[in-house]
Each structure stands twice: as C-alpha cells, then as structure tokens.
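Report on the following structure.
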Amino acid sequence: MKMHFLSCGRIRMRKSTYLPDADRSEMIDLPVASALIRHSQGNVLFDSGCHPSIAENAEARWGALTKFMTPIMTRDDNAVSELKGIGLGPDDIDVVICSHLHTDHCGCNAFFKKATVMVHARELEAARGSDAARNGYVNADWDHPMPMTEVTGECDVMGDGKITIIPLPGHTPGPIGVMVGLGRSGGFLLASDALSVRENLDRDIIPRNTWNAELCAHSFDGDSEAGSVGIQDHLRPRCRAMAKHAQGARRLRLIREACEERRCNHRANARYQTDAPATQRVNGRSA
Ligand SMILES: [Zn+2]
C-alpha cells in the first residue's frame, strides 16, 4: 500500500483564529491537502480540497466565507489535477473519505462520480442545517448522487486494519481522521482540521473556529472517563491506540506537517510517494 499527498493550494487566514495570542494583523497560510491511499482493494482519497473555480472566483462559490479565508491557488492546484500527475483520472477513485464537509475539504467531490463517499452522520446533519452556509458548508460541494456511507464511530474501511476512520469531534460536529498503516514506513494519522496547527496540540490551545471546545480538547487528549483516545495518544509511541490501530507502526505524522515539509522542497519533490518516512523522502536524508 502506498500513500501520496496531493497539494491543493493554500488558504490564508488570521493567525489569531488558531492562536489567540497572535497579533490580529498576522496571517497564516494553511495548506489545503488531500491524501491518496492506494490499497490493493481500491484507491481511497482522503479529502478533496477546494473546487477548481475557487482559483478564479472564490466569491461565486463561497460567498461571505471569502471575508475570513483567502484562497492562494492556481487553477491546477486541486485534487483532480494532482491525480492526473500520477496517472489517475477521477473515475479511478473508489472511495472518498471526507474528514468533514467544510468547503476546503470536499470541493472536488463532484468529480469522483464512481466513488462511494464516507462521511460522519453528524457532519452531514450539520451541513444540512439551516445555518450551514454561515458555518462553512456549501451544498454544491457535498450534495451529489454518489452513494454515501454515514459513519458513526470507528470504521475499518478495507477490513484489514490498514485504513481506519477515527471520529475526532470538536472543530465541527463530525470530523473524522484516518489512521493509515504503511507497514515498514509506520502509521500516519491524517487529522485534517481536527488539528489544523501543531502548536494547538503542543500548547493546549483550542482554536477560535471550534464548534465545541470540550469535544475538541477530548480529540486532542482523549477522555479517560469515556475511555476514548485522542490525537496525543495516537502520536505517543507504544500507546494503546498504536497497538489497536497501527500494529508495528513506528511513527505517526500529521498530514499538515508532511505538507509543510513538502512545501520547503516543493519543486524538487512535486509528487512524492510516502512509502518511506516523510522526512526521509522529502529531505533526502534519514529522519
Ligand atoms: Zn474545517
């Protein structure tokens, strides 16, 4: 099994949205990323980024959301173009897993007409709500005829423990992360917006654009009362979550970290395959 990170542009936002002690004028560019997981039973896409039209006219699709987020992308910075670069067309995608339904995570879903879409039931409910547009949801992104599987808890996508969906609520009602076990390369936790900025985890800071702070904290650190594990547990070596989700895994990485590293070497590593630890692959030296 192999995993590719697809670069789908960037979104510029106020840094204080994520780190309240940052100056109000300071901005942060967040990578918009998808991950393609090539499993022997099919191609799985985790998140599909923004719709290509955003590069030319964001307001037409996003409306008032453009007041809070500015896309930094060209017409080719999208999941469909990136897949083409590795020889795949939209019809080659069998499963699209939506981390959540914010417009910068499912904007290209419409292109994957032969895929089954997996999304958390609570996220779907939020996207159908009366104030969905104000909360970052755009119907044209997710409301399509493709079959949709509603997830309500942990889910082993292929039945072999290599791709496991993990609910990480807080940012919105139904975010899901994916634990990917890549054998000798280790396990990868694709956390998406459940953890937008690593500093949030390291400094225990809940971002301002959080739907439910308490649930977000539990997604970071786990909830011993409820017996749930959080992102921190997944990042700790030899923790119970590792044993459960990624047997034999030696390292866990966050998709945004990998993308940040890739950004530094973007030209030299336009499309790399994560069949080795990301730092090794990207920087060309041992991690
Ligand atoms: Zn989001």
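Here is how the numbers come out for the structure above:
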{"item": "Förster radius 35 Å - calculated FRET efficiency between Asn135 and Asp23, Cβ distance, rounded to 0.05", "result": "0.85"}
{"item": "Ranked Glu123, Glu56, criterion: other C-beta atoms within 10 Å, fewest first", "result": "Glu56, Glu123"}
{"item": "Neighbour-count ranking [beta-carbon atoms within 10 angstrom, fewest first] of Tyr137, Tyr18", "result": "Tyr18, Tyr137"}
{"item": "For segment 112-238: rounded, prolate or oblate by the Cα gyration tensor [a/c cutoff 1.5]", "result": "oblate"}
{"item": "Residues Glu225 and Lys113, FRET efficiency given R0 of 30 Å [Cβ-Cβ distance, rounded to 0.05]", "result": "0.10"}
{"item": "Label-point separation, Ser81 to Arg128 (7 Å along Cα→Cβ), nm", "result": "3.5"}
{"item": "Lysines whose Cα lies under 18 Å from that of Lys162, excluding same-chain neighbours fewer than 8 positions away", "result": "Lys2, Lys244"}
{"item": "Cα gyration tensor shape for segment 24-176, rounded if a/c is under 1.5, else prolate or oblate", "result": "oblate"}
{"item": "Partner lysines for Lys67 [C-alpha distance under 22 Å; skip if fewer than 8 residues away on the same chain]", "result": "Lys15"}
{"item": "Computed FRET value (nearest 0.05) for Ala121 with Thr66, which takes r as the C-beta separation and R₀ as 30 Å", "result": "0.55"}
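Every read-out reported here was derived from the displayed coordinates using simple, explicitly stated rules and does not represent laboratory data. A quick note: this is a predicted structure, and the numbers were derived from the prediction, not measured. Reconstructed Cβ throughout: ideal geometry from the backbone, glycine too, with neighbour counts over all protein chains shown.
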